Amino acid sequence: MYILTDRLYYKEDININNEDKQVIFTHLDNEDIIKWLKEHGFPESFLEDIRSQEQTITYEFNKNFKMIILKYFIQDEEDKLLYNDENIVLIISQNKFIFLSRNENIIKNVVYHLYKRYDKKDSLEYITYSVIDIIVDHTMGIIDKLDDKLEEIEDEIFAQNLDEEDIQKQLYFVRRTLNRISKLSIQSNDAVNKVYNHFDVEIRRKLKYEFIDLKEHLSYLINESKSYLERTGYLQNLLMGFLSNRMNQAMQRLAAISLIFLPLTFIVGNYGMNFKNMPELDWKWGYFVIWGINIAIALLIYKWLKKQKWI
C-alpha cells in the first residue's frame, strides 16, 4: 500500500488518520480500508459495485463520499496486441482520496506517474483529475502503439513471405482492443462530465481548463479508436484482395501451362488413333519431325504468353 502525504510512503499496514488529508493506494480487498469505509457510512450498494468484476464505468455519490469506477487497460501476457480492462475505484471523501485495484502493477504504475506531478498542496479534486488523466494518457499510449502496429501489418501484407494466419490473428486482437477502448472511452467521458459537474462552483472554476483538456483526450480516444477500427477493416479487405490476386495469378499460370500443352495433346491424340494409312509411321524422320513441331509450337505459345504477361 502507498500513502502520499509530504512524500511517498510504502506501508504494509494502513494507519488512517481521520483528521489528516491522505492519498491512499491499495488493493481492492484490503480489509482495513473496507472496515474504515463501513464505519464512515460508505453505502453497501457502493461496496457491491466495488466487489463486482463485471461492474461498468460509473459515478456514484452521497453526502459523505464520491465513488468513480473506471477501467485500466493491461496487456495480455500471451497476445501482445490484446489489452484487457480491469476495474479501478476512486473514492473521495472530505479529506481522503483512496485508489483501489486488484492488480498490483496498476497501483504501482499510477502511483509512479502521480508522484512525479504530486504536490502536497494539491486539492483532492485536483488529485482526482490527475489520476483520471494518467489513466487516459495510458490508454492514449496504447492507441499510439496499435497505430504503429497497423503500419507494420500493412507492410507485412505486401511481403513475399506473407503469413496469412498470423496477420489475421493480429488484426483480430487489434480490433478487439480498439472496440473495447472506443466503448469504454464513451462511458468514461460521461463519468468525467458527472464528476466535474458535481464539484463545487469554485472548484469547477479552478479546474475548468484541466477538465477541458481531459475531455479533449477522451474525444481523441473515441475518434481515433473508431478511425483505427475502420483501418483494420481496410487492412482485412486489402489482405483478402492480395490473397485473391495471388490465387488468380496462380490460376493464370496453371491456365498458361495448360495452353502450352493443349495443341501438343491434340497432335499426340491424332497419332494415337492407330489408322493403317498413316504415312508418317513409315517415314524414317517422322518421329524427329513431330518432336520438332511440338517444340516449335510450345516455344511459340510460350513467347506469346510471355508477351501477354501471363507467365
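Residue 246 meets all of the listed conditions (1) over 30 Å from residue 124 (Cβ atoms); (2) at pLDDT 75 or above; (3) among the basic types (Lys, Arg) but one, namely (2). Taking residue 90, is it over 30 Å from residue 175 (Cβ atoms) and either touching a residue at least 24 places away in the same chain (Cβ under 8 Å) or assigned to a helix (DSSP H, G or I) (or both)? No; evaluated as a whole, the condition is false for this residue. Pairs linking a residue in segment 67-79 that is part of a strand (DSSP E or B) to a residue that is open to solvent by 10 Å² or more (accessible area, probe 1.4 Å) and modelled with pLDDT under 90, with Cβ atoms under 6 Å and 6 or more positions apart or on different chains, are 67/46; 69/55. Within segment 194-213, count every residue that is assigned to a helix (DSSP H, G or I) and in contact with a strand residue (DSSP E or B) (Cβ under 8 Å, 6 or more places away or on another chain). Here the count works out to 2.
Table: residues versus (1) aliphatic (A, V, I, L, M); (2) touching a strand residue (DSSP E or B) at 6+ places or on another chain (Cβ under 6 Å); (3) part of a helix (DSSP H, G or I); (4) crowded, with 18+ Cβ neighbours inside 10 Å.
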site	(1), (2), (3), (4)
174	yes, no, yes, yes
192	yes, no, yes, yes
215	no, no, yes, no
223	no, no, yes, no
229	yes, no, yes, no
232	no, no, yes, yes
258	no, no, yes, no
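Residues that are open to solvent by less than 80 Å² (accessible area, probe 1.4 Å), over 22 Å from the mean Cα position of the chain (by Cα) and among the polar types (S, T, N, Q) within segment 112-167 comprise 123, 128, 130, listed in sequence order.
The values are calculated or read from the model by the stated rules, or taken from the named source; none is laboratory data. The structure displayed is predicted, hence computed values, not measured ones. Note: ideal-geometry Cβ built from the backbone for every residue, glycine included; neighbour counts use all protein chains shown. Calculation scope for accessible area: heavy atoms of the full protein, side chains included, ligands and nucleic acids excluded. Shrake-Rupley method; radii C 1.70, N 1.55, O 1.52, S 1.80 Å.
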